Amino acid sequence: MESDLVLARQAFEPLVTAAKGNARALIALAGEALRNGDLMRCQELARDALELKSDDPEVRSEARALLSRTVPGWHFPMMLDHIRNRAFQEAIERAVRPDMKVLDIGTGSGLLAMLAARAGANEVHSCEMNPVIAATAKQIVERNGFADQVTIHASSSRKLDADTAMGGRADLVISEIIGKDLVCEEVLPSMQDAVLRLAKPGARFIPQGGQIKVALAYYPKPEDRKVGEVCGFDLSPFNQLGPVRYSVEVNDPTLAVRGEVAELFNFDFTTALAQADRASLDLVSTGGTVNGVVQWFRLQMDEIGTFENNPGPNSPRSWALVFFPFVEPIETGPGQRIGVVGRVIRNLLRIRQA
């Protein structure tokens with residue numbers, strides 16, 4: 001399969017040569033590169049087309065559409081989340097010393113790397129596995145005057161060699177590879193790898209850990225989507241194919257939390273030891289109809305600072321909540337206990353009724 005991809009890319013380059021000077025042909029080839037999974041080539045060709053015909057509305061439109069498809073949309077609300085940014089900035093400023101070597105994992109725009117550089121770190125190495133984002137982060141770092149302090153590596157941290165890439169291990173590791181269920185962006189294996197290969201013994205980590213928080217709740221969307229009789233036919237068996245989890249905005253007024261908050265998992269990012277991948281507990285209801293569990297997370301930035309995206313109108317909005325529905329709604333009374341089981345499976349969180 002990999003050899004087929006290599007051959008396809010080798011056959012692709014003569015087409016690029018033939019399209020030189022033709023902006024619309026380059027845009028078409030950029031689309032083909034994207035379909036082949038070659039994000040970097042897509043970006044290069046789209047930018048070449050823009051340089052040729054920046055005044056062509058069709059070229060501008062297609063180039064922007066292609067470039068945007070290589071970048072997940074959640075980057076934008078994340079960069080604009082002032083609560084998140086302040087939590088990281090304050091923790092970074094508390095931790096950074098001038099003689100530190102800093103490693104930033106999952107750089108995105110380069111914001112956290114530049115915060116470390118501005119706080120006084122004279123050497124910051126930043127990893128970004130998406131080549132399009134890495135190239136843009138490099139532009140941002142240069143534009144803001146930190147090119148002498150910050151090096152962007154277009155690589156996963158797990159493919160980085162500390163000695164050859166960084167000239168030695170890091171004193172401080174900053175990471176923001178946190179998914180809405182905390183674990184889905186592979187933060188646990190990435191942090192374990194960083195402890196083992198990329199960080200000095202006793203290095204500091206920001207954040208240094210995270211907890212998965214849960215509570216019983218009622219959310220109408222799973223009930224609204226259930227099917228029964230349609231056109232005189234019973235379609236209810238199709239409900240068993242429904243989603244096992246739903247994304248919910250933190251300020252969604254239709255979500256009703258109907259239970260006491262509990263901690264399902266507590267992860268330490270500073271250790272290479274295996275961590276729990278299964279937990280069970282009884283959640284306590286405050287009364288009313290309950291049809292699932294709502295989940296969010298809390299980051300322990302350092303010994304002082306925390307960040308939490310708990311449900312509510314004033315909560316940070318760069319991460320959604322996750323709602324795990326029960327098979328059927330339950331009418332509960334105050335103090336009633338409902339058992340739930342949580343599992344981390346291949347960097348994905350699952351929660352079900354016990």
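Would you confirm whether any residue within the range 139-150 is surrounded by fewer than 22 Cβ atoms within 10 Å (Cβ to Cβ) and touching a Pro at 6+ places or on another chain (Cβ under 8 Å)?
No, because not a single residue in the range 139-150 is surrounded by fewer than 22 Cβ atoms within 10 Å (Cβ to Cβ) and touching a Pro at 6+ places or on another chain (Cβ under 8 Å).
Yes or no, residue by residue, for (1) part of a strand (DSSP E or B); (2) over 17 Å from Ile351 (Cα atoms):
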| site | (1), (2) |
| --- | --- |
| Pro201 | yes, yes |
| Gly210 | yes, yes |
| Lys213 | yes, no |
| Leu216 | yes, no |
| Phe238 | no, yes |
| Pro253 | no, yes |
| Glu263 | yes, no |
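Give the number of residues within the range 330-354 that are closer than 24 Å to Ala279 by Cβ and in a strand (DSSP E or B).
The number of residues fulfilling the criteria is 17.
Would you tally the residues in the range 81-100 being surrounded by fewer than 21 Cβ atoms within 10 Å (Cβ to Cβ) and either of a type outside the set (A, V, I, L, M, F, W, C) or closer than 19 Å to Glu128 by Cβ (or both)?
11
Could you tell me whether Thr136 is at pLDDT below 95, in a helix (DSSP H, G or I), surrounded by 18 or more Cβ atoms within 10 Å (Cβ to Cβ) and polar (S, T, N, Q)?
Yes; evaluated as a whole, the condition is true for this residue.
Return the only residue of Ala25, Ala49, Ala63 being modelled with pLDDT under 85, assigned to a helix (DSSP H, G or I) and over 19 Å from Glu176 (Cα atoms).
Ala63
Which residues, counting only those in the range 101-110, are under 26 Å from Met40 (Cβ atoms) and surrounded by fewer than 22 Cβ atoms within 10 Å (Cβ to Cβ)?
The answer is Ser109, and nothing else.
I'd like to know if the range 326-345 contains one or more residues that are surrounded by fewer than 20 Cβ atoms within 10 Å (Cβ to Cβ), among the acidic types (Asp, Glu), more than 30 Å from Arg197 (Cβ to Cβ) and more than 18 Å from the chain's Cα centre (by Cα).
Yes; the residues of the range 326-345 include at least one that is surrounded by fewer than 20 Cβ atoms within 10 Å (Cβ to Cβ), among the acidic types (Asp, Glu), more than 30 Å from Arg197 (Cβ to Cβ) and more than 18 Å from the chain's Cα centre (by Cα).
In this structure, is Glu303 over 18 Å from the mean Cα position of the chain (by Cα) and assigned to a strand (DSSP E or B)?
Criteria not met by Glu303.
Take the residues in the range 117-126 that are modelled with pLDDT of 95 or more and either at positive phi or over 20 Å from the mean Cα position of the chain (by Cα) (or both); name whichever of them is surrounded by the fewest Cβ atoms within 10 Å (Cβ to Cβ).
Gly120
Answer with yes or no whether Ala279 is at pLDDT below 95 and either surrounded by fewer than 16 Cβ atoms within 10 Å (Cβ to Cβ) or at negative phi (or both).
no
Looking only at the range 282-313, count every residue that is crowded, with 21+ Cβ neighbours inside 10 Å, at pLDDT 95 or above and either of a type in the set (Gly, Ala, Ser) or within 29 Å of Val195 (Cα to Cα) (or both) and tell me the total.
Looking only at that region, the number is 9.
Quick check, is Pro316 within 27 Å of the chain's Cα centre (by Cα), buried (at least 18 other Cβ atoms within 10 Å of the Cβ), assigned to a loop (DSSP other than H, G, I, E, B) and in contact (Cβ under 8 Å) with a residue 40 or more places away in the chain?
Yes, satisfied.
Does at least one position in the range 234-243 carry a residue that is surrounded by 11 or more Cβ atoms within 10 Å (Cβ to Cβ) and under 23 Å from the mean Cα position of the chain (by Cα)?
For the range 234-243, residues surrounded by 11 or more Cβ atoms within 10 Å (Cβ to Cβ) and under 23 Å from the mean Cα position of the chain (by Cα): present.
What are the residues in the range 190-199 that are assigned to a helix (DSSP H, G or I) and of a type in the set (A, V, I, L, M), if any?
Residues satisfying the conditions are Met191, Ala194, Val195, Leu196, Leu198.
The values are calculated or read from the model by the stated rules, or taken from the named source; none is laboratory data. Fair warning: this is a prediction, and the values are worked out from it, not measured in the lab. We place every Cβ from the backbone using ideal geometry, glycine too, and count neighbours over all the protein chains shown.
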